[in-house]
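Encoded as structure tokens, the structure appears first; notes follow it.
Every read-out reported here was derived from the displayed coordinates using simple, explicitly stated rules and does not represent laboratory data. Here the structure is a predicted model, which is why all the values come from computation and not from measurement. Please note: Cβ atoms are built from the backbone with ideal geometry, for glycine as well, and neighbour counts cover all protein chains shown.
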Amino acid sequence: MVQEPGGGCTFSAEWTGSWFQSGYPGLIAINSTHIQSKGECSETESTDKFLLYDRTYDCYRCMVIHKKHKHVLQYKETYCSSKDSLSSICDQISGDAPLFSMFRKEPRPEPQPCPFHPAPFTFTYSRGSGDCVYPPSRAEACTDDSRLLLRYMACPDVPGTESNVEELVCLATWKEGSTRYLVGQISQVGRMNTIATDEDTYRCFIYKGQHGDKSASYIIAQSGDATCNGLSSPSDGSRTMKLTTSDDEHNRCHFPSWIVDHHKWFSLDHVHQYHFTTKNATLKIMNTDGTFEEKRLVCHSILEQKDKKHITLVAHVTKGCMSGHACLKFWRREGGILELQQGGDLWERPQDACAEGGAPPYVTLITKSLSPQPCPLAGRYSIQTRVRRRRDDEAAAGGESCAGAAPDSASVGCERSGDTIELKSPCSSTAYTCYGSWHEGSRGFVVAAPRARASAAPRTLCFVYTVRNETGGGLSVFLTAGRTCDRSNTGHRDQAYNLTSNGTCEQSSQYNSAAARGSAGWLALGALLPAARLALGALLPAARLALGAPLPAAR
């Protein structure tokens, strides 16, 4: 605050905005020189004491304003009176004068981390008619650490208690001497037809924490209205609570080293990031751009481990402010590839999580930097189009123009490195680099990426193929390509190709054409977008692909 030459003064720029005050209709606007309904800054002699002139009533008042937090202002004031010196008017404020609190509304305040951790907690509470101890209530963390979910239980022997779920959003914390304060907003969860105003939601808290080596506890007092009045100690308030750490699940178990050696994993399409944190016990799943945190999974108990290739465990899952236990299965594949299966339901009891039936879908995870690996199904192939292109594709491609021509030959693993799939049409070719493969019975999977791709094409694809013996000793191979390693094979196919093996990479296609008769496979490209024009270099998310050749022995 600065004194302006020739009279007048200004308020801190941090105060500019709109503020809520209990009992005041609407919001209070503050700019550099004016406080709505109070007046213009006329004189100041310190950083917190101001003389304001009210033009409406031609009078002056003193305001002593303290910034408790960037989102909280508290003040005391005098009645508006005739002109006098700042000190004379401000001396009229007594020690027991009412204290008013203002909470920022605009610009919209960013929530702050809640001071109660580590959640979850069990807690008891009282509304003045006795402590509700049994059954215990529970406080649970949300994925956003500025929120806490409070599950109140009803105690049959304590009048006035009821089952209720509230969500606390923490907005500001500060300390005065040894006393710690919190301002937050409380909303009712799961109650229909409730209209909450600022008067209903803003609450002030005094709290005291005590931390041991393996536990933490908090005593909390809550105000009865949208002010900080009536709070004198953590054990005296409209509602009091005693929080105690329930169970530090971070100490229960840890994800194995073959998973957490890479702390960050990505889905095939790079939309989601899987980040292992907190001493390898917590998995956070979020968008790769970091805009929205979706889930937090904490290792609870390990049920099965096999040869550093597979693990089944129970995790405590938090999504938003909803939480429960889920079953996780991790599979180690070739190269920097994992697959994850997660149960779809959340269970209150951990022992129920892995008892549910069914086979959850696989989510394929890759590291940020993959190393090329040899492709399976090495050899050369000729391709005959089996399903006619859709007419809109033909029109977009200009009939039988070169740009719209389908591939008529393929080579797999024929470069010196053995890590390339190449599909050729009369005037173009598309190459893919293999980054890992594995088998499940007669079905095989290959993670690959186009060496050159359009901006809308997926970064990484999963090729899924199935091999079976045909009459005459030949083999047919059915293969699809998409953003997931789909096990269902139920996806829509826009194209199907008949692949005929022309022999090994060293043999020419012409020399082996006769010997390859009867050895046929099927290749399907499913859900190709029209803009792909049947060229696999422009494969989009739902692409389906098929290649064929005898499978090597299971890896």
*Would you work out the relative contact order for the stretch 85-221, in percent, from Cα pairs under 8 angstrom that are 6 or more residues apart?*
15 percent
*Send over the per residue convex hull volume for the stretch 144-250, Cα only, as a whole number of Å³.*
144 Å³
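Multiplying the sequence separation of ASN164 and ALA355 by 0.36 nm and subtracting their Cα-Cα distance, what value in nm do you get?
Taking 0.36 nm per residue and subtracting the Cα distance, the gain is 65.8 nm.
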*asked:* For a quick check of your reading of the filter: which trypsin sites (Lys or Arg not before Pro) in the stretch 131-191 sit in a DSSP loop and have no more than 11 other Cβ atoms within 10 Å?
replied: ARG191
*Do any chymotrypsin sites (Phe, Trp or Tyr not before Pro) in the stretch 55-159 lie in a DSSP loop with no more than 14 other beta carbon atoms within 10 Å, and if so, which?*
TYR57, TYR79
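So what's the net charge close to PRO407: Lys and Arg +1, Asp and Glu -1, counting the other residues with Cβ under 11 Å from its Cβ?
Value of the local net charge: -1.
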_Estimated D of the stretch 205-320 in µm² per second, where Rh is the Kirkwood radius over Cα pairs and Stokes-Einstein applies at 4 °C, 1.567 mPa s_ = 75 µm²/s
*Could you work out the local net charge near MET153, counting Lys and Arg as +1, Asp and Glu as -1, over the other residues with Cβ closer than 10 Å to its Cβ?*
+1
*Points 7 angstrom from Cα along the Cβ direction at THR16 and SER187: gap in nanometres?*
3.0 nm
*List the trypsin sites (Lys or Arg not before Pro) in the stretch 248-345 that DSSP assigns to loop (not H, G, I, E or B) and whose Cβ has at most 13 other Cβ atoms within 10 Å. Which are they?*
LYS279, LYS308, LYS309
_Too-long pairs where the Cα-Cα distance tops 20 Å, listed order kept, from LYS284/LYS368; LYS242/LYS284; LYS105/LYS319_ = LYS242/LYS284; LYS105/LYS319
